[in-house]
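Data block below; observations after.
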């Protein structure tokens, strides 16, 4: 198996006023190509920080993060940007579509930034991915004309259109109802199987979590569980399941 | 950056969509930009058009495209007048012919015209003086009929003055002097004063000259700003020049051409001039006698000027006018005298103004002296020479002239023309003929050895020897060439003044104060200026070259002042635009932090964000600038089609006529485009840089 994400003894500190918050304290893990991994843990456990480091939008305070062989600490802003553009796809909790562009243009946007395909190739690629996420009829609608599920499909299409090595999703179902959330996860799983893209997502939702082939659980910036099964993890991971409110 | 070019389309799309989705912001910022552009196009086009038309007026009436004058003077050349009324010291061009030989062969030079300005005063005496002069002539000619007629006029004058002095005596504190004056006035009216007048003519005339004449306060001193030049060459070189009345100074003849404006304003009878002014204010400035208090005030003052008419009438004319006015005004109030009648006549209102204006010129004007100086007459003028002595001479007034297109402008009437030879004499340089005359004079007074250099000093400087022989009393008035000659000879000389001649060579060789250079191609003014400057430097002459604008003096600088004011206004407007654009872009950046973070996370480089923000403002600038520029250009073209009326005399001068027909040049539009571009870039730079600093990590934060 080929390692696509290698994290070695990473710590990440944030200044918070005069204090320093340790978001990650010596995290090490490897994610291989084609995995469908979820990062679980309560709020403040360091999920998002870990995703940010994998997503190359942030660099560790200590330790090393290697994405597709590149040590992110050694790259400048332009190189990190390029790495994101070539290797990564993002799905955000709040969809983060560009409001002034229609569905087609939103999906086409990363391809335009890459600037490698011709207009025809781009159109073909965009239409194909939109067909797969089931948005063929909404191709010329603006984001504000779509439902939440449709928006997240657009975001998934946008993340996948460049055929990235890794797709990162930060709580992709958090702003969706459970039925729609399930469909989205199903879609992601399907794309993971067919496109051989590595999916890494964070979630609170145990139903969503169960879909993952690997679950990494963080508590207070440390990995407390890393394995295939969900046994004993879900209850401990999500206090919501034990009837507690977050 | 290669990606940037490919993705320019999407950047443009996003930029445009952002503009349309923030309509209010775009509208406000766009309006300011459009207004600024419009103001710039309109302002600069108007100024350019004004400058162009002014260049035509100034350069084709007086200055030429370039002026050459000495570097040694203390003042700068200002042909249209400066801040002082006195003659500025602009130095001298000692030998004009040398300069002519140097400049004329230079490529693109059409002609070089010698010039020099001096201020002369004309002394015509007052109404009594001129009547007394007539009386003297009549006595000398033994014309008893004429003497009788003039006697009547003088008695009448005295009677009018007596009324005035009696009134003065009533309100004055010190009446002793007034009582003496009244005695004179009464004495002149007594019939025994005029008995056997012929026998005691000289003594009586002396009494009138010394006692009566000073009582009429209304002196007739007038100022002439005289431009000495080569009249024929001037006419040929300045195409706006045209003769109004009379004729051009004939080739080789000496004399003066009065500007029509000066003739009308300073030499016309006060009543006629005031009537003209009221007429102009009604017709040109659109004022009304019905409700305009200023104009009504002017008419009331005009009506009190009736004496100025009465003073000039002889007995027969007085009777005739009395009857005419009584009929005209249908007055049957026998107690009213003529003074009252004239006053009533001059108190015009909106209903009768045109009729009375015409009646005045048809019936009253022929009886009075409408102008102090008439075309064809020879007058005595005086000027201070450069050494400060008063030089008097007789000049023939050949005619009046004006400059086409600016006939009504005061500024265009600032100079009167004379020949170079006359100018040099007034300025204090002698002609060969005068040198000879001086020799003659010297023999007459018995001063035999005076060198040529000293002769000038002697003549103008009032050297002791000359003065001792002459009358010491003359010292206060300087030198008067007619001091020693009797009246008859004076008349003869007056008649001869127009007959004096000179050769072309005399004009060229000798002194000038400045010289106008006329170019064949006006657009190559800078190039030719450099060529002339080079030639002057080669010869080591202490002369400088200035363009028409500098040479015109304060008038030429006016345009620079207006330009500065306009630029200041534009600067302020764009400064405001800059602040507003900057503010709204900063706000837009804050609103779009998440969107920008997303773009950055997806893989948009910083340059992409920078271009996005720049493009938004530039697109707005382009649209607003085009609209503003276009509307400005349309306004100017419309103004150019209909013409902008000049509402007063200065504007009329600046417009080079009653209307300005402006036009747009591409340079103005381009300038506005460049300025709006620069303002947009500067205004957006800061918020755009702030936007590029937004970290992609912000996109990962949810919007809960």
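Coordinate-derived values only; no laboratory data. Computed from a predicted model, the values in this text were never measured in an experiment. Here the Cβ positions follow ideal geometry from the backbone for every residue, glycine too, while neighbour counts run over all protein chains shown.
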For this session: Take chain A, connect every pair of alpha-carbon atoms lying under 10 Å apart with a spring to form a Gaussian network, then pick out the residue of A:108, A:35, A:186 with the largest mean-square fluctuation.
Result: A:186
Exercise. How well do other chains shield peptide B:593-602, expressed as the mean number of their Cβ atoms within 10 Å of each residue Cβ?
Worked result: 6
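For the protein assembly as shown, report the convex hull volume of the alpha-carbon atoms normalised per residue, in Å³, without decimals.
Dividing the Cα hull volume of the protein assembly as shown by its residue count gives 301 Å³.
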Exercise. Quick one: B:165, B:659, fewest Cβ neighbours within 10 Å first, how do they rank?
Worked result: B:659, B:165
Problem set entry | Angle in degrees between helix A:77-87 and the longest Cα principal axis of chain A, rounded to the nearest 10 | 70
Problem set entry | Antiparallel %, DSSP beta bridges [both residues in the protein assembly as shown], to 5 | 75
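Can you tell me the alpha carbon radius of gyration of segment B:297-401 divided by the globular rule-of-thumb value 2.2 N^0.38 Å?
Against the compact-globule rule of thumb, the ratio is 1.45.
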For this session: Kindly give Rg over Rh for segment B:51-195, based on alpha-carbon atoms, with the Kirkwood expression for the hydrodynamic radius.
Result: 1.30
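Provide the three semi-axes, in whole Å and in decreasing order, of the ellipsoid equivalent to segment B:145-230 as defined by the square roots of 5 times the Cα gyration tensor eigenvalues. Mind showing how you got there, number by number?
Working: eigenvalues 156, 103, 26 Å².
Listed largest to smallest, the semi-axes of segment B:145-230 are 28, 23, 11 Å.
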For this session: Would you mind checking the radius of gyration and Dmax of chain A based on alpha-carbon positions, in Å?
Result: 17.9, 54
Exercise. Which log10 I(q)/I(0) values, to two decimals, does segment B:584-627 give at q = 0.24, 0.33 Å⁻¹ under the Debye formula with one point per Cα?
Worked result: -0.86, -1.12
Exercise. Between residue B:663 and residue B:361, what FRET efficiency follows from the Cβ-Cβ distance if R0 is 35 Å, with the result rounded to 0.05?
Worked result: 0.30
Exercise. What share of the DSSP beta bridges in chain A is antiparallel, in percent to the nearest 5?
Worked result: 55
Exercise. In deg cm²/dmol, rounded to 500, what helix-only [θ] at 222 nm does the protein assembly as shown give when every DSSP H run of at least 4 residues adds -39500 (n - 2.57) and the total is split over its residues?
Worked result: -16000 deg cm²/dmol
Exercise. For residue B:243 and residue B:176, what does the FRET efficiency come to when R0 = 51 Å and r is the distance between their Cβ atoms, rounded to the nearest 0.05?
Worked result: 0.40
Exercise. At residue A:127 and residue A:61, where each label point lies 7 Å from the Cα along Cα→Cβ, what is the point-to-point distance in nanometres?
Worked result: 5.2
Exercise. Pulled fully out, how much extra length does the chain show between residue B:503 and residue B:164, if you take 0.36 nm times their separation in residues and subtract their Cα-Cα distance?
Worked result: 116.7 nm
For this session: Multiply the residue separation of residue B:191 and residue B:630 by 0.36 nm, subtract the distance between their alpha-carbon atoms, and state the gained length in nm to one decimal.
Result: 149.7 nm
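In peptide A:104-112, what is the residue-averaged number of other protein chain Cβ atoms found within 10 Å of each Cβ?
On the way: counts 0, 4, 1, 0, 2, 8, 5, 3, 10.
Taking the mean over all residues of the peptide, I get 4.
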Problem set entry | Label zone at residue A:8, where the point sits 7 Å out along the Cα-to-Cβ direction: segment A:71-92 residues whose backbone N lies under 19 Å | A:71-76
Exercise. If one computes the Cα centroid of segment A:164-223 and of segment B:190-241, what distance in Å separates the two points?
Worked result: 115
For this session: Give the order of B:502, B:661, B:69 when sorted by the count of other beta carbons within 10 angstrom, beginning with the fewest.
Result: B:661, B:502, B:69
Exercise. On a 0 to 90 degree scale, rounded to 10, what angle separates helix A:103-114 from the longest Cα axis of chain A?
Worked result: 70
Exercise. Which angle between 0 and 90 degrees, to the nearest 10, do you get for helix A:148-160 versus the longest principal axis of chain A when only C-alpha atoms count?
Worked result: 90
For this session: Report Rg (one decimal) and Dmax (nearest whole number) for segment A:1-56, counting Cα atoms only, units Å.
Result: 12.7, 44
Exercise. Using the Cα atoms of segment B:230-370 to build a convex hull, what is its mean projected area in square nanometres?
Worked result: 11.1
Exercise. Roughly how many nanometres apart are two label points built 7 Å out from the Cα toward the Cβ at residue B:557 and residue A:78?
Worked result: 5.5
Exercise. Residue B:328 to residue B:572: extension gain in nm, 0.36 nm per residue of separation minus the Cα-Cα distance?
Worked result: 81.6 nm
